[in-house]
Amino acid sequence: MTITRTVLVVSNQLHTVIWRDGAVEFIDQTRLPHDEVMVRCDTVDAVIDAIRRLVVRGAPAIGVAGAYGVAIAAQAHDPSNDRKGFAREVDRLRKARPTAVNLARMVDRTAQAATADEALTIAHAIREEELRASVAMGELGADLLLELCGDKPLRVMTICNTGGLAAVERGTALAVVQTLHERGKLAEALALETRPLLQGGRLTAWELQRMGAPFRVVVDSAASFLLAQGYADVIVTGADRVAANGDTANKIGTFALALGAQYAAVPFVVVAPESTVDPATLSGDDIHIEERDAAEVTSFAGVQVGPRGTDAVNPAFDVTPVHLIEALVTDRRVVRFRRGETL
């Protein structure tokens, strides 16, 4: 396994996942916001490690990462000569994280390649598709939010990280926030800190600061109270898997946020690429929820915060039922669940 770190050259546009000189490179999201470095992976083991450790995270981004992982597997195990070895590596990649459908879907798509060159071509195409999807989601989502809330600067609450770090560039839900900001229609973004790993407090805040958007960070447990107090006009979240009936898996805490939104009569909008919609998953009951290590809860940044030996329940995701969701925005369409529309 080879993982090397190089200094990240900061530009106005994030490049979360990039292919360079025979390897895939990721911004190391475990080191943000204090250290801006990249991780270079030139083996399947390295790609799997980066996905599992959340060096790269977010459903669209890990889908792209998995596709490049298949390209690396094809370099080591030529699909035309070593199909068994290639299939073994593909299976390991698709199981690296179970909840987000994008990973398995993009791995399987790239694995149809007959040669290493073809696998790399498919992986590049997947990355380009995600770039275009982020732009489209931003535009469609901004249009919807202004329709729902009125043509005025909006106060938008969000959870976890759904920007370019999660989706190569721009993002999903945060692409909507960025588009509103670019149109002069963002009054403020309220980013939930997102325990236990603070993807909101660390990553979303970092991205919002880079884009020059007005924002504040909110403690997770304060969100429902603030909604009831009228702090936000609308909520936008991402998704790791959208079931056929519209039930949506997303970062843990999203379900509680949706319940708070229902109480406060604040529209709750999910933004995700069409590749995250999974017709094979009938409902949220069929979504496997990843359970992560208790150490993520009992310690932070290597510092023990709970008594030694303390165990924890640490689901990485939860499921928000469709009846709590105002609408789903993808790169191709807007589905208005509250109007009775279905997938």
Inset, instruction - Could you point to the label whose value was computed as semi-axes √(5λ) of the Cα gyration tensor in Å for the structure here, given (1) 31, 22, 20; (2) 39, 25, 18; (3) 41, 22, 16? - result: (1)
Inset, instruction - For every helix of n ≥ 4 consecutive DSSP H residues, a contribution of -39,500 (n - 2.57) applies; sum these over the chain, divide by its total residues, and give [θ] at 222 nm rounded to the nearest 500 deg cm²/dmol. - result: -11000 deg cm²/dmol
Inset, instruction - Run down the lysines and flag those whose C-alpha is under 16 Å from the C-alpha of LYS152, throwing out any fewer than 8 positions away in its chain. - result: LYS185
Inset, instruction - Compute the label zone of GLU36 within the range 135-179: residues whose backbone N is under 16 Å from the point 7 Å along Cα-to-Cβ. - result: 164-166, 169-170
Inset, instruction - Just subtract the alpha-carbon distance of ASP143 and GLN229 from 0.36 nm times their residue separation and send over the number in nm, one decimal. - result: 28.4 nm
Inset, instruction - Starting from the Cα gyration tensor of the range 157-285, take the square roots of the eigenvalues, sort them a ≥ b ≥ c, and report rounded, prolate or oblate (rounded when a/c is under 1.5, otherwise prolate if a/b is larger than b/c, else oblate). - result: oblate
Legend entry - Set of lysines with alpha-carbon distance to LYS84 below 27 Å, sequence-local pairs under 8 removed: LYS95
Inset, instruction - Return the whole-Å distance between the Cα centroid of the range 305-337 and the Cα centroid of the range 39-109. - result: 24 Å
Inset, instruction - Could you list which residues have their amide H under 5 Å from that of THR99, counting only those 5 or more apart in sequence or on another chain, with H placed in the peptide plane? - result: GLU290
Legend entry - Fully extended contour minus Cα-Cα distance, from ALA222 to ALA312, at 0.36 nm per residue: 30.2 nm
Legend entry - GNM top mover of CYS160, CYS41, CYS149 - the chain, alpha-carbon springs below 10 Å: CYS149
Inset, instruction - Starting with the fewest neighbours, write out VAL277, VAL329, VAL176 ranked by other beta-carbon atoms found within 10 Å of each beta-carbon. - result: VAL277, VAL329, VAL176
Legend entry - the range 87-102 - phi-based ³J(HN,Hα) in whole Hz, Karplus 6.51/-1.76/1.60, Gly and Pro as x: 5, 5, 5, 4, 4, 5, 5, 5, 9, 4, 9, x, 7, 6, 6, 4
Legend entry - Approximate spin-label separation ARG338-ALA265, in nm, with each point projected 7 Å along Cα-to-Cβ: 1.0 nm
Inset, instruction - Within 10 Å of each residue's Cβ, count the other Cβ atoms and sort PHE86, PHE255, PHE268 from fewest upward. - result: PHE255, PHE86, PHE268
Legend entry - Hz values of 3J(HN,Hα) by residue in the range 136-152 - Karplus curve (6.51, -1.76, 1.60), Gly and Pro given as x: 5, 4, x, 5, 5, x, 5, 4, 5, 4, 5, 5, 5, 10, x, 7, 8
Inset, instruction - Provide ASP151, ASP82 in ascending order of the number of other Cβ atoms located within 10 Å of each residue's Cβ, fewest first. - result: ASP151, ASP82
Legend entry - Dipole-positive endmost among VAL303, LEU343, ALA316 within the chain (Cβ charges, Cα centre): VAL303
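Read-outs: derived from the displayed coordinates by stated rules, not from any lab. Here the structure is a predicted model, which is why all the values come from computation and not from measurement. Quick reminder, even Gly has a Cβ in these numbers, built from the backbone with ideal geometry, and neighbours come from all protein chains shown.
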